[in-house]
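Bear in mind that the values in this text are calculations on the coordinates, not laboratory data. Since the structure is predicted, the reported quantities are computational estimates derived from the model, not experimental observations. In this analysis, Cβ positions are derived from the backbone assuming ideal geometry, glycine residues included, and neighbour counts consider all displayed protein chains.
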Amino acid sequence: MTMEGRARPERAWWKEAIVYQIYPRSFFDASGDGVGDLAGVLAKLDYLQALGVDAVWLSPIYRSPGADHGYDVSDYREIDPQFGTMADFERLVREADARGIRLVLDLVVNHTSDEHPWFYASRQGIVPYRDFYIWRTGKNGGLPNRWRSVFGGPAWTYVPERNAYYLHLFSPKQPDLNWDLPAVRQEVYRLMRFWLEKGVAGFRMDVINAIGKPELDDETDAVGFERVINHPKAFRYLEEMYEAVLKGADLLTVGETPGVTPEHAWRYAALGRGPLGMIFPFEHMTVDIGATKWEPAPFDVVRWKRVLFRWQTKLEGRAWPALYLGNHDQPRPVSRFGDDGEYRVAAAKLLAALLLLQKGTPFVYQGEEIGMTNVRFPSIDDYRDIETLNFYREGRERGVAEETLMAAIHRMSRDNARTPMQWSAGKNAGFTSGTPWIRVNPNYREINVEAAWADPESVLHFYRALIALRKRVPALVYGRLVPLCPDDPAVIAFLREDEAGPWLVALNLSPVPTTWPLPRPIAGRPMVRVLDNRHRPPAYWDPATPIPVAWGDGEAAAFAEVCGGKAAGGPEIGAPGERPPERGGHGAGPSTFAGEGRRETPVGAAGPDGKQTAADVRRGSWEVERPEAFRLGPYEARVYRMAPPGHRRRRPGEGDG
């Protein structure tokens, strides 16, 4: 079937979902051995449900020697013993499903571990595995070409048994599979079906745009990965994967695709036609780096938002965006794009609004919801990441000063995201009763889930408010994004709008106050501030709450209708540890807006007792504003519901009634 011949529903559960990424070894350790595990994920499902999560993406849990912490797989059909057993995984699927949470696995098939049985056989030249990997003889007594590995050093390693070199775009412990061999592709499709039969709801596909290799006679002195990505073969192989495995399945599929443009997205994930549902772009993660990730460049708000807005406008109507600001490979967003000092809470909330209110599926990485920060370990001995350790070693060999290397590591090391999840102010941040595999960030006594839950104005409760708002308002999922003020050096602002009318998001990504004149025709238009990051969010955001009759009765009723209709009713979600109310499965049909199965989630913090007065519910909300300009404080974020279309602004003296 051709791409043009496909048809998929415009609405889908994965477009409406909040996806939470878990790096299992750092999430929660139930066994006490210092490494997070599947039992630990199971123990925190109620927390994830209370947060409002719809799907969990698990970083690799397959058997692995751990050279790259699971991204070097030695057996795709076995759970690594450090994480538990297959029975643990099957129970996790069942218990997550009971809470309306789906599980998405990391599919790591550009390469395997060099300890995979396929590679053992391939290096011995044993059929049928002889050509499962990419082997080349040397040239002129040297390497096959001059490519370098992403993790440093040559991209080729010599094996005497074959009298040949194998390609590894990453570590020598991660030999690249030969996707040109049909048998390799069929093995991948079989292992995908294996996990789908276990009940997984999709795959995040690791560096999937590198699977199609060009001819290898390229003599360029370059990082090999950069010479490989987005080869036409990659598109062709993903088309085949779609036909063999994904066709007709209601799955979340997202490709990790460094080096892509919006035009690439149109091929990988064209709406209704592409082989994947979404791709992760990287352009917005490169605006603050130089020639390499370790070389800093000034963070330019104007450049950043132009990148964000270009992807939004280029993908509109053509491909569905995947949204993220952090993950297991990136520094903590609040340290990178915001402020992890005086304004940490405000900046973390602002970045949450930016992430959750753009068009696309938001991916929240563990700890972002409490504003976890980068770590500044004093010694290289405290780090575990292979990329970080190689960078330090090579830098010292070149004579680079220790303090220069450590400053770069403090800023960009992948271990910034991999320190243990901070659950409490207790021993090891409540992560483990043993010795953690990597040290805990020392700020866990102030930044942790327990403290955040007790504080109604915390980052955590602002996340809950935003998530619930997004779930109740279709415009914030499917409505188009209209960029505003592209040249303002501090303010990121945009509209989300559908046929019911617009929502306005205004963010001051600056540590100093700023004034933003609202553009016409927005200026002076009636609007209601629904959320901001300066006030406690309403505990139960109820569109039926009385609205000052400033737009007239008809307009006020229309506003309430657009915002979700009648109050949801039902109990407030309790504190962590209390079992939230049961929800039924995954809903009916592809869209949670269909009605049946829809999650009616309260918004924000109600405090430990789950109670709030009507006055508190209305606090900071429902007052009609007609601003000509916003005076925004440091890292201030505001979310407004604007007057429905057709509103006629009152003349002076006309009154509100």
Cβ-defined net charge surrounding ILE61, 11 Å radius [Lys, Arg +1; Asp, Glu -1]
-3
Global form of region 166-221, assessed from the alpha-carbon gyration tensor, a/c cut-off 1.5:
prolate
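Could you calculate, for region 303-448, the ratio of the Cα radius of gyration to the Kirkwood radius, expressed as Rg to Rh?
Numbers: Rg = 17.1 Å, Rh = 16.8 Å.
Rg/Rh for region 303-448 comes to 1.02.
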Give the Kirkwood hydrodynamic radius (Å, one decimal) of region 159-256, defined as one over the mean of 1/r across all pairs of different Cα atoms.
15.1
Would you please put 207-218, 324-335, 498-509 in order of how densely packed they are, using the mean number of other Cβ atoms within 10 angstrom per residue and starting with the highest?
324-335, 498-509, 207-218
Starting from one equal scatterer on each C-alpha and no solvent at all, send me the Debye-based log10 I(q)/I(0) for region 250-302 at q = 0.20, 0.30 Å⁻¹, two decimals.
-0.73, -1.11
Using mean Cβ contacts within 10 Å as the protection proxy, how do 630-641, 192-203, 516-527 order, highest first?
630-641, 192-203, 516-527
So who's got an amide H within less than 5 Å of the one on GLN366, skipping anything under 5 residues away but keeping other chains? H placed 1.01 Å off N, in plane.
GLN21, TYR23
Give the peptides 74-86, 105-117 in descending order of average Cβ contacts within 10 Å, highest first.
105-117, 74-86
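Any of LYS305/LYS471; LYS213/LYS233; LYS213/LYS293; LYS314/LYS359 with alpha carbons more than 19 Å apart? Name them for me.
Result: LYS305/LYS471; LYS213/LYS293 exceed 19 Å.
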Only four residue types carry charge here, +1 at the Cβ of Lys and Arg and -1 at the Cβ of Asp and Glu. Report the dipole size of region 1-147 about the Cα centre in Debye, rounded to the nearest 20.
640
What Kirkwood hydrodynamic radius, in Å, does region 337-392 give when the mean of 1/r is taken over all pairs of distinct Cα atoms and then inverted?
13.5
Just add up the charged neighbours of PRO627: K/R +1, D/E -1, any other residue whose Cβ is under 11 Å from the Cβ of PRO627.
+3
Among THR514, THR373, rank each residue by its count of other Cβ atoms within 10 Å, from fewest to most, as a rough exposure measure.
THR514, THR373
Cα pair distances exceeding 17 angstrom across region 1-130, given as percent
64
